[in-house]
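The values are calculated or read from the model by the stated rules, or taken from the named source; none is laboratory data. All figures in this text were calculated on a predicted structure; none of them were measured in a lab. Cβ coordinates were reconstructed from backbone atoms using ideal geometry, including for glycine residues, and neighbour counts include every protein chain displayed.
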Amino acid sequence: MKTKATVGIARELFDAEGNLDIPEPGLGLFAEMPGVEYRVFTEQHAEIAPEQVHGCHMVISAASRWTERSLLGNDQLVAVLFTGVGYNHIDVEALTKANVMLCFAPDAVRRPMACTIITFILALAMRLINKDRITRQERWTDQRQYRGEGLTGKTLGSIGVGNIGHEMFLLAKPFGMRHLGCDPHLTQEDVADVDVELVDMDTLLAESDFVSISVPLNERTRHLVGERELNKMKQTAYLISTSRGSVVDEEALIRALHSGRIRGAGLDVFEQEPVNPDNPLLEMDNVVVTPHSLCHTDEYYMRAWRGKLRQAAQIGRGEIPENVVNKEVLEKPELQAKLRRFQPV
């Protein structure tokens with residue numbers, strides 16, 4: 001007999017009043033999935049606890065950590081359905097060892113994250129935050145100190161031109177900028193549709209007026225941009241960091257901004273989150289900061305939610321879902337046996 005799939009929903013996806021923090025129809029979409037049922041975790045923990053996972057075949061989660069301990073005694077778990085793309089808080093190796101898929105959401109974040117980068121470019125170039133402040137503070141005549149910069153003819157560089165970086169260049173096309181990219185996984189043909197010239201990282205840093213970072217955080221990318229890289233940038237350039245805080249050496253960035261080595265920065269991510277209120281970046285006039293959430297639009301939430309339910313429905317039919325991170329687990333007989341439980345007899 002075909003097993004009915006149970007989806008656990010982590011408490012972090014709900015607000016303080018217990019309402020799903022997703023636009024409607026939200027939970028109502030489960031009515032369209034007869035082979036799938038759901039239950040909501042009653043408590044929120046920084047790390048998913050094994051007792052929460054008990055009885056679930058899948059779990060939809062966002063920022064909560066998944067460790068080896070989270071999986072203890074849960075042989076029935078088939079997949080973790082993560083609502084984002086940056087999964088450095090999830091122990092992928094532990095999931096693979098436990099015969100569990102990690103499914104992420106690149107389609108949900110592509111446009112919202114690209115819009116986030118464009119927002120920083122425009123805010124920095126137009127001195128938006130500075131002009132907002134002087135207007136509120138009745139400093140109308142100080143506007144001469146905060147004249148903006150045009151984008152036409154400037155150079156936009158992206159370290160990483162994958163899902164998000166590619167979409168960012170697509171949105172930037174009308175600005176009339178020169179596009180540079182650095183990505184060892186791509187060929188020139190891969191980025192021809194967005195007029196990107198692939199170059200080495202040093203060239204990108206030296207020639208770009210805006211340097212955006214769109215790479216995952218791992219041991220190879222930790223402090224990918226540090227003092228050496230910042231010293232290669234133009235003194236008039238801006239750094240935009242929206243991936244993970246530790247991709248940039250924050251102390252080196254603070255020094256570069258204090259000394260005027262670069263003109264400014266747009267930061268949605270920090271090495272410590274929530275950011276320390278004493279962080280010097282929060283006091284700088286040439287930095288725009290947001291709390292790792294600029295892409296959190298209704299579009300993002302609904303795309304991510306529908307994507308997770310689509311993956312749940314695929315698993316509920318005994319199929320391999322879209323956007324699996326740890327593809328090596330797909331060949332394991334133990335996972336294949338789990339999926340067969342949901343296939344029609």
Next item on the list: Only one of these is farther than 30 Å from residue 158 by Cβ, modelled with pLDDT under 95 and among the small types (Gly, Ala, Ser): 86, 73. Name it.
Entry: 73
Check: Quick one: which of 209, 278, 268 is assigned by TED's automatic domain parsing to the domain that holds residue 164, among the charged types (D, E, K, R) and under 17 Å from residue 154 (Cα atoms)?
Finding: 209
Check: Only one of these conditions is not met by residue 277: (1) modelled with pLDDT of 95 or more; (2) over 26 Å from residue 88 (Cα atoms). Which number is it?
Finding: (2)
Next item on the list: Please name all residue pairs, on different chains or six or more residues apart, with Cβ atoms under 6 Å, provided the first residue is in the stretch 242-257 and is surrounded by 21 or more Cβ atoms within 10 Å (Cβ to Cβ) and the second residue is part of a helix (DSSP H, G or I).
Entry: 242/116; 242/117; 256/230
Margin query: Quick test for you: out of 10, 63, 31, 46, pick the one residue that is out of contact with any Pro (no Cβ under 8 Å at 6 or more places or on another chain), in the same structural domain as residue 320 (by TED's automatic domain parsing), at pLDDT below 95 and under 13 Å from residue 81 (Cα atoms).
Written below: 63
Next item on the list: Evaluate the following for residue 241: is it over 26 Å from residue 146 (Cα atoms), in the same structural domain as residue 161 (by TED's automatic domain parsing) and not aliphatic (A, V, I, L, M)?
Entry: no
Margin query: If I filter the stretch 281-300 for residues that are in a helix (DSSP H, G or I), within 20 Å of the chain's Cα centre (by Cα) and charged (D, E, K, R), do I get at least one hit?
Written below: yes
Check: Would a scan of the stretch 266-278 turn up a residue that is farther than 19 Å from residue 210 by Cα, in contact (Cβ under 8 Å) with a residue 12 or more places away in the chain, of a type outside the set (Gly, Ala, Ser) and assigned to a helix (DSSP H, G or I)?
Finding: no
Note to self: I'd like to check something: does the stretch 146-165 contain any residue that is modelled with pLDDT of 95 or more, part of a helix (DSSP H, G or I), crowded, with 21+ Cβ neighbours inside 10 Å and not assigned by TED's automatic domain parsing to the domain that holds residue 74?
What the structure shows: yes
Notebook entry, point to check: Does the stretch 328-345 hold any residues that are free of Cβ contacts under 8 Å to residues at least 40 places away in the same chain and either more than 21 Å from residue 36 (Cβ to Cβ) or surrounded by 20 or more Cβ atoms within 10 Å (Cβ to Cβ) (or both), and which are they?
Noted result: 331, 333
Notebook entry, point to check: Taking only pairs six or more apart or across chains, which ones have beta-carbon atoms under 7 Å, a first residue in the stretch 196-210 that is hydroxyl-bearing (Ser, Thr, Tyr), and a second residue that is outside any helix (DSSP H, G or I)?
Noted result: 208/155; 208/156; 208/157; 208/180; 208/237
Next item on the list: Sort through 40, 59, 53, 92 and tell me the only one that's surrounded by fewer than 16 Cβ atoms within 10 Å (Cβ to Cβ) and in contact with a strand residue (DSSP E or B) (Cβ under 9 Å, 6 or more places away or on another chain).
Entry: 40
Next item on the list: Starting from residues that are of a type in the set (D, E, K, R) and within 19 Å of the chain's Cα centre (by Cα), keep the ones in the stretch 166-197 and report whichever is surrounded by the fewest Cβ atoms within 10 Å (Cβ to Cβ).
Entry: 183
Notebook entry, point to check: When the stretch 67-89 is examined, which residues are found to be crowded, with 21+ Cβ neighbours inside 10 Å and under 18 Å from residue 40 (Cβ atoms)?
Noted result: 70, 77, 79, 80, 81, 82, 83
Margin query: For the stretch 202-245, give me each residue that is closer than 23 Å to residue 112 by Cβ, of a type in the set (D, E, K, R) and over 17 Å from the mean Cα position of the chain (by Cα).
Written below: none
